Structures are given as structure tokens and as C-alpha cells.
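J.: I am attaching a structure below and will ask some questions about it afterwards.
Every read-out reported here was derived from the displayed coordinates using simple, explicitly stated rules and does not represent laboratory data. Just so you know, these numbers come straight off a predicted model, no measurement behind them. Note that we place each Cβ from the backbone using ideal geometry, even for glycine, and neighbour counts take in every protein chain shown.
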Amino acid sequence: SSPGESSGINAEYGGTVAIGGKTNEETCYISPTVLTNPGLDSKVMTDEIFGPILPVLEYEDIQTVFKYIRSKEKPLVCYVFSNNAKLIDEAKKKVSSGTLDVNDCLMHMMVPTLPFGGVGHSGIGKYHGKATFEEFTHHKSVLHKPIGMESVNNLRYPPYDAEWKMNLIYSLAYYKPNAPTASANGFAKYAVTSTMAGAAFAYAYAWPGASGGQ
């Protein structure tokens, strides 16, 4: 070993060094290292790894892997190496991550049309190509109601002393035609009040191009 070099990486991070494990604080060097079966509460499994250290854990049921990943903060990238289409599809659906790479590493960074960014703890927002433009562009929502429709709004303003007005509001707000409990009378009331609302709308607002429109 050269001066300053040690092989105690497993003592700090846990697990067994299968490959590498050499470090040198004087030169800030860490050899490419593979750690097998480190503890789930060890630093290498709980902190971000900015170095050539790869922890490898054995598993018997892939569902326990998905469960473990979901119990932690959402990752920036999830890597899946498999030829099993079902497993890959499960990873797409069950793991929330900024990016999913299948059978490759870091190549998502090389695709300008593929948005890159995190989710939750791993980051907010995304960039690359059009995604960068949209990230820094405000999509302003605009609701424009023609002033001629204001008479229709009288239906939603107090007073609510008229029974027909209350029936109309309740029918439009609460009736669900596909609900299992929807009755024939309820549907009839819904149909009548909806027709009334449509007639009031048509009366208050002349559609562009309609006969007699302004």
C-alpha cells in the first residue's frame, strides 16, 4: 500500500468488499468498489453516493425490493437491468423516480428530447430541449365568459327562496346519471332541469354564426 492508502472502506460503510476498497485521503482517491450485502441502515444505503462505490444486495422476492424503494425518498434515476418484460413494466408502474433507465446507464442525459429531472426529494422540474423552455414558461390560464351570459348566473346567486331554483341547483350539482342509486324520478328531474338550463343559456347568449345572432 502507498502512503495514506487504506482498505477499511467496509468498516465505514458496512458489507463485504468484493472488488476494490482502496482509498487514499491524501489524493482523494477511491478505487472502483463493489460492496456486497451492506446493512440497509449503513451510510452507503442511506446517503447519496458521489463516488465509484456500488452496493449489491441479494433478494428473493422482487416485491420486497419495490417495497423498500417506496419506503425511501424518491430517486433521481431508477436503473433496471432485465429481459423480463413483466418486471420492467412493474418497475415503470411501482417505482416513482425522475427517470427510469432500462438496461443502460446515464444515456438519458444524452437524449435532448427526453426531459431530465427529479421528483419530490430528488428535485423539482425538468430540462432538456422543449422541456427546458416549458419549465421556464408560465402557462397562464384564461377563463373568458361573454357578458351576455350573466343572466344565466342569476341561477347561482341568492336569494334561493324559489323552489325551482333550488331543484335546479341540486339536480345539476349532485345528480349522477351512472350512479347505482339513480332513480327514474331523479333522472327525469335531471333531464328537465338540464333542459331548462340549456334553454336559459341559449336565450342569454347568441352563438356566433347562429341565425339571428348579433
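J.: Can you pick out the pairs among Lys94/Lys140; Lys67/Lys130; Lys43/Lys94; Lys22/Lys92; Lys22/Lys74; Lys86/Lys130 whose Cα atoms lie more than 27 Å from each other?
T.: Values: Lys94/Lys140 33 Å; Lys67/Lys130 34 Å; Lys43/Lys94 25 Å; Lys22/Lys92 36 Å; Lys22/Lys74 30 Å; Lys86/Lys130 31 Å.
Pairs exceeding 27 Å: Lys94/Lys140; Lys67/Lys130; Lys22/Lys92; Lys22/Lys74; Lys86/Lys130.
J.: Also, quick follow-up: Give me the extension gain from Glu25 to Ile62: residue separation times 0.36 nm, minus the current Cα-Cα distance, reported in nm with one decimal.
T.: Numbers: separation 37, 0.36 × 37 = 13.32 nm, distance 3.77 nm.
Once the chain is fully extended between Glu25 and Ile62, it gains 9.6 nm.
J.: Report the calculated FRET efficiency for Thr46 and Lys94 (r = Cβ-Cβ distance, R0 = 22 Å), to the nearest 0.05. Present the calculation step by step, with values, prior to reporting the outcome.
T.: On the way: r = 21 Å, r/R0 = 0.97.
Computed FRET efficiency for Thr46 and Lys94 comes out at 0.55.
J.: How many nm separate the modelled label positions at Thr113 and Leu54, each set 7 Å beyond the Cα in the direction of the Cβ?
T.: 3.1 nm
J.: To one decimal place, what orientation-averaged projected area in nm² is obtained for the convex hull of the Cα set of segment 39-93?
T.: Mean projected area of the Cα convex hull: 4.5 nm².
J.: Something else now. Quick one: length gained pulling Ile169 to Lys130 fully straight, 0.36 nm per residue minus the C-alpha distance?
T.: Details: separation 39, 0.36 × 39 = 14.04 nm, distance 4.39 nm.
Length difference between fully extended and current span is 9.6 nm.
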